[in-house]
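Novice: Structure provided below as structure tokens; questions to follow.
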There are 2 protein chains.
Amino acid sequence: MSDAGEVEGVDAAVIGEKVAAAREAVAAGDADAWLSVGRETDVSPEPCFPYLLGFDVVWPTAVVVAPDSSAVVLGRHDAPTARDLGVHDVRAYDESIAEPLREVLDEMNAERVALNYDRDDVVADGLSHGLFLQLREYLPDREFTSASDLIRRLRGVKSDTEYERVRAAATETEELLQTATATWTPETTEREFADFLHERMTERGLDSAWAWDYCPTVHMGDREVGHTLPADHTVDEGELLHVDFGIRRDGYASDIQRLWVRGEASDGLRTAFRDVRAAIDTGHDALGPGAVGHEVDAAAREEPTSRGWPAFEHAFGHQVGRAAHDGGTLLGPEWERYGEAPRHEVRPGEVYTMELGVATEWGYVGQEEMVRITETGTEWVVPPQTELRTL
Amino acid sequence: MSDAGEVEGVDAAVIGEKVAAAREAVAAGDADAWLSVGRETDVSPEPCFPYLLGFDVVWPTAVVVAPDSSAVVLGRHDAPTARDLGVHDVRAYDESIAEPLREVLDEMNAERVALNYDRDDVVADGLSHGLFLQLREYLPDREFTSASDLIRRLRGVKSDTEYERVRAAATETEELLQTATATWTPETTEREFADFLHERMTERGLDSAWAWDYCPTVHMGDREVGHTLPADHTVDEGELLHVDFGIRRDGYASDIQRLWVRGEASDGLRTAFRDVRAAIDTGHDALGPGAVGHEVDAAAREEPTSRGWPAFEHAFGHQVGRAAHDGGTLLGPEWERYGEAPRHEVRPGEVYTMELGVATEWGYVGQEEMVRITETGTEWVVPPQTELRTL
């Protein structure tokens with residue numbers, strides 16, 4: 001390793017930006033310090049560690065962020081990597097994390113400590129129940145509170161480096177889809193179309209934005225839509241090719257849907273495309289800084305049902321970042337399974353999908369676009385699909 | 001998808017074996033049912049889900065195993081995949097998991113419910129604190145207990161299919177190392193050696209057993225050992241090449257260390273190799289069904305210190321399965337950071353590493369072997385390294 005404060009393979013640029021943002025967020029919040037704890041992170045990842053640490057740890061490891069400082073308490077073996085990162089005060093231990101962790105919190109005068117638990121938001125819920133019980137024992141006098149709001153801000157609001165990566169991932173996703181449709185023939189099956197994309201991704205060293213086998217999801221013609229694997233279907237004349245696809249490059253994801261028709265689209269198909277497009281546009285009009293998640297969802301959702309389509313069964317939009325489903329504020333209905341996620345306000349710097357679809361006899365008319373929230377409105381991450389493309 | 005009860009990409013063979021074993025383990029334990037809960041598992045994996053379900057889920061999902069039956073409660077979108085798996089009674093929901101989950105537990109007469117939390121064992125601690133709080137609210141009248149013992153048994157004791165995969169992974173790891181050393185030259189750097197292995201793994205579609213950048217860990221000559229990345233070092237005459245390496249194929253991992261000397265080994269190096277080998281052999285003699293983890297560790301650990309070497313700073317052995325560090329019983333000292341893990345008894349069917357090392361002026365003399373516990377003793381997963389190999 002070099003002595004230049006850089007750790008090979010660790011994303012020191014992003015971590016520096018995010019830890020600085022975390023210290024500001026802690027200063028603005030009502031906890032004295034933010035404590036993230038994880039162990040064996042290749043088996044059980046702590047979703048905040050990539051922002052705070054950037055490498056896997058084996059022994060119990062704590063990252064503590066206060067308004068004026070930050071520290072990491074970790075096993076002696078991992079200490080050199082943490083020192084080379086050059087972001088945190090490093091405290092190495094041999095047998096137990098308890099005592100050095102108490103010392104760090106004492107030095108920070110941290111009585112009220114925010115922990116990573118949340119009933120609804122998976123990325124703010126990285127603390128296991130077993131580790132919670134351990135912290136309760138190690139820190140009996142501290143007051144614990146949820147770090148949800150802090151994490152929502154930190155993860156949602158993208159730094160410049162982060163947004164550049166999301167945009168690059170989305171741009172390459174579009175380019176891959178164009179390459180794939182350029183080689184499409186009437187004999188191409190869903191599976192072959194997916195295999196083609198997987199081969200290009202492997203060549204380029206790209207990960208899929210969600211589970212490899214289901215990314216891309218490819219639907220040809222009129223068949224059941226869901227978490228289904230590509231099969232032996234092909235596209236008949238007048239039918240749709242529908243693809244839901246995203247990649248992950250440099251640690252950041254994309255998530256878009258695109259539609260192609262083989263030959264001439266029927267009037268009915270054109271109507272369905274227009275109606276879904278209208279829902280996206282209506283949601284887009286309602287989206288911007290200060291908008292509340294479920295209100296954006298309601299505006300978009302009403303559009304197709306008012307035109308006689310069945311209700312859309314999912315949230316209208318989710319955030320994209322390190323993960324395709326990146327947690328935090330959701331543009332979704334106030335259904336119990338979404339909990340508090342749709343009740344938060346949208347912030348500048350967040351990146352959302354806008355997504356809706358209807359089933360038709362020609363195939364699934366699903367559209368999904370990506371937008372960034374600006375100080376005054378939104379901007380497209382990549383240009384939206386405003387017309388049916390032809391195969 | 002086919003109608004044959006097989007789910008492409010899902011490991012139905014292993015899941016069938018493991019769910020049957022889980023039902024037996026629940027029958028033998030003191031809980032009425034075992035409840036595993038997860039959501040957005042591509043962001044936050046539930047370590048038991050690969051044994052019980054085998055596919056990623058987005059919405060909150062519960063797998064309930066009772067002595068005579070098992071059920072999965074999951075979002076409607078994921079239900080077809082669960083039905084095709086053909087292992088569990090499938091209950092789909094649209095808005096909330098709460099009511100169907102209560103119904104399943106009522107039908108099973110499950111008052112005492114085992115949950116996946118454990119202070120020490122990461123693979124038995126898959127329940128997040130936020131989901132625990134949600135379960136406490138959804139199921140106010142149930143008694144909760146830890147599923148640790150059940151998971152330790154289920155995960156540790158390998159089915160025939162599982163063991164065959166671990167063995168295949170270990171065999172291929174040895175073969176890859178032989179291929180790499182066959183192309184080694186005195187100019188080969190650590191980084192080039194690691195890159196060679198990574199290229200072969202990519203060609204063969206193999207994952208690394210732990211974080212890609214650190215797997216293999218390659219040390220050439222006398223340099224600091226730790227979680228360090230391969231660098232520009234080469235092996236001088238009389239020095240060591242030390243490699244810590246494992247792969248994951250068909251979902252199962254390997255983890256071994258091998259040693260080569262360039263040219264002639266000095267007497268000091270031979271002595272160090274012999275002393276480490278003696279520790280492995282002493283630990284091996286102490287290992288077998290019914291052995292207690294920390295007693296095996298103590299036997300092995302005493303060997304090099306009695307010969308004047310500094311104390312080994314890690315556990316002597318860990319289990320290998322889906323993960324290289326597979327949790328459960330540990331062959332380790334009773335240090336606080338290991339918690340209860342070294343206090344359990346070794347069971348037939350479990351697979352352990354045996355590992356120890358000392359730093360010398362010629363390089364790190366680290367050895368790591370893999371053994372399976374049988375009804376009467378142990379058997380090697382792959383033949384051990386009993387002599388220094390020559391480059």
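Novice: Applying the Karplus parametrisation 6.51 cos²θ - 1.76 cosθ + 1.60 with θ = phi - 60° to the phi angles of region A:174-190, what ³J(HN,Hα) value in whole Hz is obtained for each residue in order, glycine and proline being reported as x?
Specialist: Karplus values, whole Hz, x for Gly and Pro: 4, 5, 4, 5, 5, 4, 5, 6, 5, 9, 5, 10, x, 8, 5, 8, 3.
Novice: Considering only the label points, 7 Å along Cα→Cβ from Cα, what distances in nm to one decimal separate A:Gly377 from the same position in each other copy, shortest first?
Specialist: The answer, with the shortest distance listed first, is 7.9 nm.
Novice: In addition: I'd like the FRET efficiency for A:Ser306 and A:Ser69, computed as 1/(1 + (r/R0)^6) with the beta carbon distance as r and R0 of 45 Å, rounded to 0.05.
Specialist: 0.25
Novice: So for the protein assembly as shown, taking the charge dipole from beta-carbon charges (+1 Lys/Arg, -1 Asp/Glu), which of B:Met108, B:Gly293, B:Ile15 sits furthest toward the positive end?
Specialist: Farthest towards the positive end: B:Met108.
Novice: Residue by residue through B:130-138, how many Cβ atoms from other chains fall within 10 Å of the Cβ on average? It would help to have the intermediate numbers written out before the result.
Specialist: Details: counts 16, 8, 9, 7, 5, 2, 0, 1, 0.
Taking all residues of B:130-138 together, the mean is 5.
Novice: When only Cα pairs under 8 Å and 6 or more residues apart are kept, what is the percent relative contact order across region A:11-100?
Specialist: Averaging sequence separation for qualifying contacts and normalising by length gives 26 percent for region A:11-100.
Novice: Under the Kirkwood approximation for Rh and a Cα-based Rg, what ratio Rg/Rh is obtained for region B:188-235?
Specialist: 0.98
Novice: On each of the three principal axes of the Cα atoms of region A:160-390, give max minus min coordinate, whole Å, ordered largest first.
Specialist: Projected onto the principal axes, the Cα atoms of region A:160-390 cover 48, 43, 29 Å.
Novice: Pull up all non-local amide H partners of A:Trp184: gap of 5 or more, or a different chain, and H-to-H distance under 5 Å with H placed in the peptide plane.
Specialist: For A:Trp184, whose amide H was placed from the backbone, there are no distant partners under 5 Å.
Novice: Could you go through region A:376-390 in sequence order and give the Karplus-derived ³J(HN,Hα) for each residue, using 6.51 cos²θ - 1.76 cosθ + 1.60 with θ = phi - 60°, rounded to whole Hz, and x for Gly and Pro?
Specialist: Karplus values, whole Hz, x for Gly and Pro: 10, x, 9, 9, 5, 6, 10, x, x, 8, 9, 9, 4, 8, 10.
Novice: Using a 7 Å offset from Cα along the direction of the beta-carbon, what are the separations from B:Ala20 to the same position in each other copy, nm, ascending?
Specialist: 6.0
Novice: Long-range amide H contacts for A:Thr360: which residues qualify at under 5 Å (H placed 1.01 Å from N, peptide plane, sequence gap of 5 or more or a different chain)?
Specialist: Correct list: A:Val365.
Novice: Work out how much length A:Glu361 to A:Glu137 would gain on full extension: take 0.36 nm times their residue separation and subtract the Cα-Cα distance, in nm to one decimal.
Specialist: On the way: separation 224, 0.36 × 224 = 80.64 nm, distance 5.98 nm.
Residue separation times 0.36 nm, minus the Cα-Cα distance, leaves 74.7 nm.
Novice: Continuing with the same structure: Consider all pairwise Cα distances in region A:12-155 and report the whole-number % of them above 27 Å.
Specialist: For region A:12-155, the fraction of Cα-Cα distances above 27 Å is 9 percent.
Novice: Tell me, what HN-Hα J-couplings in whole Hz come from the Karplus equation 6.51 cos²θ - 1.76 cosθ + 1.60 at θ = phi - 60° for each residue of region B:243-249, using x for Gly and Pro?
Specialist: Once rounded to whole Hz, the list reads 10, 10, 8, x, 10, 10, 9.
Novice: Here is a further query. By how many degrees, 0 to 90 and rounded to 10, does the Cα axis of helix A:293-306 deviate from the longest principal axis of chain A?
Specialist: 10 degrees
Novice: What nm value, rounded to one decimal, do you get for the distance between B:Glu375 and A:Leu391 when each label is placed 7 Å out toward the C-beta?
Specialist: 5.8 nm
Novice: Calculate the length of the line joining the C-alpha centroid of region A:133-189 to that of region B:363-390, in whole Å.
Specialist: Spelled out, the Cα-based centre of one part sits 41 Å from the other.
Novice: Could you work out the relative contact order of chain A, using alpha carbon pairs under 8 angstrom and six or more residues apart, expressed as a whole percent? Don't jump to the answer; show the numbers that get you there.
Specialist: Details: 841 pairs, mean separation 52.9, N = 391.
Contact order relative to length: 14 percent.
Novice: Using the alpha-carbon centroid of each, what span in Å lies between region A:272-313 and region B:63-129?
Specialist: Here the two parts' Cα centres lie 33 Å apart.
Novice: Further question: Please name which of B:Gly268, B:Ser36, A:Met370 has its Cα lying farthest along the dipole of the protein assembly as shown towards the positive end, using unit charges on Cβ (Lys, Arg +1; Asp, Glu -1) and the Cα centre as origin.
Specialist: Going by the charge dipole, the pick is B:Ser36.
Novice: Could you check the simple spin-label distance between A:Glu103 and B:Asp30, using points 7 Å along Cα→Cβ, in nm with one decimal?
Specialist: Placing both labels 7 Å along Cα→Cβ, they lie 3.9 nm apart.
Novice: Can I ask one more? Would you calculate a helix-derived [θ] at 222 nm for chain B, using -39,500 (n - 2.57) for each DSSP H run of n ≥ 4 and dividing by the full residue count, to the nearest 500?
Specialist: Per the formula, -10500 deg cm²/dmol.
Novice: When chain B is turned about an axis onto chain A, which of its residues keeps its C-beta closest to that axis, and how many Å is it?
Specialist: That would be B:His129, 2.
Novice: Between copies, how close do the A:Pro289 label points come, placed 7 Å along Cα→Cβ, listed in nm from shortest?
Specialist: Values, ascending and in nm: 6.8.
Novice: Another one. With a ≥ b ≥ c the root eigenvalues of the C-alpha gyration tensor of the protein assembly as shown, is it rounded (a/c under 1.5), prolate (a/b larger than b/c) or oblate?
Specialist: Because a/c hits 1.5 or more and a/b exceeds b/c, the protein assembly as shown counts as prolate.
Novice: With every protein chain left in place, what is the accessible area of A:Tyr163 in Å² (1.4 Å probe, nearest 10)?
Specialist: Result for A:Tyr163: roughly 10 Å² accessible.
Novice: Heavy atoms only, 1.4 Å probe, whole protein assembly: order A:Phe144, A:Phe316 by accessible area, highest first.
Specialist: On the way: A:Phe144 30, A:Phe316 0 Å².
Correct descending sequence by accessible area is A:Phe144, A:Phe316.
Novice: Mind checking region A:123-194 for GluC sites (Glu not before Pro) that DSSP puts in a loop (not H, G, I, E or B) and that have at most 15 other Cβ atoms within 10 Å?
Specialist: A:Glu187
Novice: Let's test the formula: R0 of 56 Å, r as the Cβ-Cβ distance of A:Glu334 and B:Val292. What FRET efficiency results, to the nearest 0.05?
Specialist: Approximately 0.60, to the nearest 0.05.
Novice: If you build a Gaussian network model of chain A, linking Cα atoms that sit under 10 Å apart, which residue out of A:Arg165, A:Arg39, A:Arg136 swings the most?
Specialist: A:Arg136
Novice: Ranked highest first by the average count of other Cβ atoms within 10 Å around their residues, in what order do A:52-58, A:248-254 fall?
Specialist: A:52-58, A:248-254
Novice: What three numbers, in Å, describe the spread of the alpha carbons of chain B along their principal axes, ordered from the longest?
Specialist: Per principal axis, max minus min of the Cα coordinates gives 70, 43, 35 Å.
Novice: Still on this structure, I have one more. Around A:Ile247, which amide H atoms from residues at least 5 apart in sequence, or from another chain, sit under 5 Å from its own amide H, with H modelled in the peptide plane?
Specialist: Distant-sequence amide H within range of A:Ile247: A:Ala209, A:Ser254.
Novice: Mind giving me the nanometre distance, one decimal, between the label points for B:Glu313 and A:Glu187, set 7 Å out from Cα along Cα→Cβ?
Specialist: Computed distance between label sites B:Glu313 and A:Glu187 equals 6.2 nm.
Novice: Let me ask something additional. What average number of partner chain Cβ atoms lie no more than 10 Å from the Cβ of the residues making up A:79-91?
Specialist: The mean count of partner-chain Cβ atoms within 10 Å per residue comes to 1.
The values are calculated or read from the model by the stated rules, or taken from the named source; none is laboratory data. This is a predicted model, so every value here is computed, not measured. Counting neighbours? That spans all protein chains shown, and the Cβs are built from the backbone with ideal geometry, glycine included. Side chains are part of the model used for accessible areas, which takes the heavy atoms of the whole protein and leaves out ligands, DNA and RNA. Shrake-Rupley method; radii C 1.70, N 1.55, O 1.52, S 1.80 Å.
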